[in-house]
Amino acid sequence: MLPLLRSTAVRLVKIDPKLTSSALKDKLSQALVVATVQAAKVMGVHCAAKRVDSQAALQWLTAIGCDFAQGAALSAAQPLEALANLPDPTSRVAAIRST
């Protein structure tokens, strides 16, 4: 796996939903998420957490430096057509980081 991560083709590391959904309850999952975020920073790539279901998880992921998140804490699932009317998602990340 390390040779793949060191590839210059990697631009984004996605954190498995099983880890993000259990990170606040399980210390091993929490450690793996932190290590993944730190590894992404060292590699100079972005990190995205999938299935972020609570504001507590979103705040924790923001605090440890995760760049992007997706899940119910940000927005409920919507039809594809509705996505065109959503505000710029980067404004939400900036607002969270400034608090």
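Couplings 3J(HN,Hα) for segment 69-78, derived from phi with the Karplus relation 6.51 cos²θ - 1.76 cosθ + 1.60 (θ = phi - 60°), are 8, 9, x, 5, 5, 9, 6, 6, 4, 9 Hz, where x marks Gly and Pro. Distant-in-sequence amide contacts of Val13, defined by a placed amide H-H separation under 5 Å and a gap of 5 or more residues or a different chain, comprise His46, Cys47, Ala48. Using the Cβ of Asp16 as centre and a radius below 9 Å, the other residues enclosed give a net charge of +4, where K and R count +1 and D and E count -1.
When restricted to Cα atoms, segment 6-59 yields an Rg and a Dmax of 11.4, 34 Å, respectively. Note that segment 14-27 has calculated 3J(HN,Hα) couplings of 9, 8, 4, x, 5, 6, 5, 6, 10, 4, 7, 10, 10, 5 Hz, one per residue in order, obtained from phi through the Karplus relation 6.51 cos²θ - 1.76 cosθ + 1.60 (θ = phi - 60°); glycine and proline are x. For segment 10-98, the relative contact order is 26 percent, taking Cα pairs closer than 8 Å that sit 6 or more residues apart in sequence and dividing their mean separation by the residue count.
Cα gyration tensor of segment 10-98, axes a ≥ b ≥ c as square roots of the eigenvalues: rounded (a/c below 1.5), prolate (a/b > b/c) or oblate?
Values: a/c = 1.78, a/b = 1.42, b/c = 1.25.
Prolate is the answer for segment 10-98, as a/c is 1.5 or above and a/b outweighs b/c.
Just so you know, all these numbers are worked out from the coordinates, no wet-lab data involved. Remember, it's a predicted structure, so these values are computed and weren't measured experimentally. Note that we place each Cβ from the backbone using ideal geometry, even for glycine, and neighbour counts take in every protein chain shown.
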